[in-house]
Amino acid sequence: MENLQSYIEQLPDLVMAYGLKVVLALIIFFIGKYLAALAKRITVNVLSRKLDKTVSFFVANLAWAVVFTFTIIATLGQLGIQTASLVAVLGAAGLAVGLALQGSLSNFASGVLLVMFRPCKAGDYIEAAGVAGTVDEITIFATRLKTPDNKVITVPNSSLMNGSIVNYSAMPTRRLDLVIGISYDADIRKAKQLLIDILENHEKVLKDPAYTVGLNDLADSSINFVVRPWVNSADFLATRFDLLEKIKLTFDENDIGIPYPQMDIHVKELPAVSK
């Protein structure tokens, strides 16, 4: 009871001694947290005027991490924790943690390489690591993609850098590769001219580079033409859908058949076997 009474008597002094430190530590923490977010926002606004959005967000995330790290150190120092010894302990523990988090460090290094060599940037439509989508943001450890059906895919940066990246938006123009089959009894010259007319009259098909229409294959069930127009990259899918529809409607109006896959089976009657 005497010990308890002693603690109760010392409680006001303890509150006065440590309560102010705790309050000041909380104030430092929240101010530092605000400054970290502010540093990130200012970095994005300043760099976006001169640099690509991808680089701006990456540097902004680094700025946030640096400011927030100093905030944690300052908060612990206000609480009376010896930050110098703490940094030494953290440095020693950092090696062990680094070995355990090799994947994360690899993602960080890959993020730096993505920003430096820029195989893709925000707004590009890419295919990599088994997924495809529009690059929304490249962060310190991962890249976020948005699919055409509005799903979000987060891909580790190391997965992108360790594989092939197909960037469909890197060039201003792309070539459509269509294979159009017609039946063997159709008029080849007429079908080819109809395809040329469709391309000539389509507003999104570019005249330079020139398109290609040629007979490519005498297949089992059809005669196949290759139709290869050039379009602006932004018009790729819309033009593909529109061309396929126009080709089908035009062929129907001109009695050009598009055959189904088929197989002719001939049944041969065998002579009866005498008993």
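Key figures
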{"quantity": "Nonlocal amide H pairs with Thr139, under 5 Å, H built at 1.01 Å", "calculated": "Arg144"}
{"quantity": "Environment charge at Val166 (Cβ cut-off 11 Å; Lys +1, Arg +1, Asp -1, Glu -1)", "calculated": "-2"}
{"quantity": "Volume in Å³ per residue [convex hull over Cα atoms, computed for region 117-167]", "calculated": "67 Å³"}
{"quantity": "Cleavage-rule hits (GluC sites (Glu not before Pro)) in region 186-275: DSSP loop, at most 11 neighbouring Cβ within 10 angstrom", "calculated": "Glu203, Glu269"}
{"quantity": "Charge tally in the Cβ shell below 14 Å around Gly111, where Lys, Arg are +1 and Asp, Glu are -1, Gly111 excluded", "calculated": "+2"}
{"quantity": "Per-residue HN-Hα couplings for region 217-225 [Karplus 6.51, -1.76, 1.60; θ = phi - 60°; Hz; x = Gly/Pro]", "calculated": "7, 9, 7, 5, 10, 7, 9, 9, 9"}
{"quantity": "Footprinting exposure proxy for Ile188, Ile223 (fewest neighbouring C-beta atoms within 10 Å first)", "calculated": "Ile188, Ile223"}
{"quantity": "Contact order relative to length of region 104-212, as percent, for alpha carbon pairs under 8 angstrom and 6 or more apart", "calculated": "22 percent"}
{"quantity": "Sequence-distant residues sharing a close amide H with Ser48 (under 5 Å, placed H)", "calculated": "none"}
{"quantity": "Packing-based exposure ordering (other Cβ within 10 Å, fewest first) of Lys246, Lys268, Lys40", "calculated": "Lys268, Lys246, Lys40"}
{"quantity": "Relative contact order computed over region 173-253 (Cα-Cα under 8 Å; 6+ residues apart), in percent", "calculated": "42 percent"}
{"quantity": "Selected from Tyr211, Phe225, Ile198, residue furthest toward positive end of dipole (region 173-253; charges at beta carbon)", "calculated": "Tyr211"}
{"quantity": "Order of Leu26, Leu62, Leu270 under a 10 Å beta carbon neighbour criterion, fewest first", "calculated": "Leu270, Leu26, Leu62"}
{"quantity": "Entries of Lys146/Lys192; Lys190/Lys268; Lys53/Lys151; Lys121/Lys204 with Cα pairs more than 32 Å apart", "calculated": "Lys146/Lys192; Lys190/Lys268"}
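Readers should treat all values here as calculations from the given coordinates under stated rules, not as data from a laboratory. Since we're looking at a predicted model, the values are computed, not measured. Neighbour counts run over all protein chains shown; Cβ positions are idealised from the backbone, glycine included.
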